[in-house]
Amino acid sequence: MNTLEAINLAKTQGFDLIEVSPKAIPPVCKIMDFGKYLYKIAKQERLHKAKQKAIETKGIRLSPRISLHDMETKAKQAEKFMNEGSKIKIDLLMKGREKAHADLAEKKVNEFLQIINSNPEFTGKIIMEQRPKRQSWGLIAIISKAKK
């Protein structure tokens with residue numbers, strides 16, 4: 001149908017001519033109320049947004065002087081977070097002269113990851129999304145559970 005004829009037909013019926021699919025050949029248009037069309041689109045967007053799963057990032061703070069038992073406790077907490085579907089951000093805070101020994105800090109992060117991997121209750125594999133990276137205050141690393 002010709003565009004002018006379609007516009008006139010829509011106006012005589014008291015509706016608007018709305019282009020639904022502009023990329024189609026020829027373009028597809030509908031005769032309907034524009035307000036209802038906008039409401040329908042907004043409702044669909046809300047539905048899509050509600051169905052999206054947001055991945056949360058949880059934080060675990062360590063220090064170079066942390067004891068083995070404390071690391072095991074934090075590893076269990078990290079496992080719990082990962083089983084819930086969250087990513088883990090590991091912050092290793094260094095103060096004063098500790099900043100000169102970044103190699104020891106990286107060893108602590110690797111030791112923490114080994115504790116998580118060695119736990120028989122933890123089902124899955126860890127993916128290192130961001131390798132330990134040096135910050136002005138310490139190290140930061142991001143890990144998550146591998147998807148099946």
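One line per residue, one yes/no per condition, for (1) closer than 28 Å to P120 by Cβ; (2) surrounded by 13 or more Cβ atoms within 10 Å (Cβ to Cβ); (3) among the basic types (K, R):
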| residue | (1), (2), (3) |
| --- | --- |
| K58 | yes, yes, yes |
| L62 | yes, yes, no |
| H69 | yes, no, no |
| S86 | yes, yes, no |
| E98 | no, yes, no |
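Of everything in segment 96-148 that is in contact with a Lys or Arg (Cβ under 6 Å, 6 or more places away or on another chain) and in a loop (DSSP other than H, G, I, E, B), the residue that is modelled with the lowest pLDDT is G124. Against the numbered list (1) surrounded by 14 or more Cβ atoms within 10 Å (Cβ to Cβ); (2) in contact with a helix residue (DSSP H, G or I) (Cβ under 7 Å, 6 or more places away or on another chain), R134 comes up short only at (1).
Going residue by residue through segment 90-99, is there one that turns out to be farther than 19 Å from K133 by Cβ and out of contact with any Cys (no Cβ under 9 Å at 6 or more places or on another chain)? Yes.
The residue pairs whose first member lies in segment 119-148 and is closer than 15 Å to K108 by Cα, whose second member is among the acidic types (D, E), and whose beta carbons are closer than 6 Å, counting only pairs six or more residues apart or on different chains, are P132/E106; I140/D91; I142/E129.
Residues checked against (1) β-branched (V, I, T); (2) touching a residue at least 12 places away in the same chain (Cβ under 8 Å):
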position	(1), (2)
A6	no, yes
F15	no, yes
V20	yes, no
K23	no, no
V28	yes, no
A42	no, no
R46	no, no
A50	no, no
K53	no, yes
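The criterion of at least 2 residues that are closer than 30 Å to V109 by Cα and in contact with an Asp or Glu (Cβ under 8 Å, 6 or more places away or on another chain) is met by the following strands (runs of 3 or more DSSP E) wholly inside segment 1-63: 57-62.
Residue-level analysis places L92 among those that are surrounded by 15 or more Cβ atoms within 10 Å (Cβ to Cβ) and either within 23 Å of the chain's Cα centre (by Cα) or at pLDDT below 90 (or both). Please indicate, with yes or no, whether at least one residue in segment 36-44 is surrounded by 10 or more Cβ atoms within 10 Å (Cβ to Cβ) and either outside the structural domain of E19 (by TED's automatic domain parsing) or among the acidic types (D, E) (or both). Checking segment 36-44: not a single residue is surrounded by 10 or more Cβ atoms within 10 Å (Cβ to Cβ) and either outside the structural domain of E19 (by TED's automatic domain parsing) or among the acidic types (D, E) (or both). Among the residues that make up segment 102-110, is at least one of them over 18 Å from K74 (Cα atoms) and in contact (Cβ under 8 Å) with a residue 40 or more places away in the chain? So far as segment 102-110 goes, yes, one or more of its residues are over 18 Å from K74 (Cα atoms) and in contact (Cβ under 8 Å) with a residue 40 or more places away in the chain.
The values are calculated or read from the model by the stated rules, or taken from the named source; none is laboratory data. Because the structure is predicted, anything quoted here is derived from the model rather than measured. Using ideal geometry, Cβ is built from the backbone for each residue, glycine included, and neighbour counts are taken over all protein chains shown.
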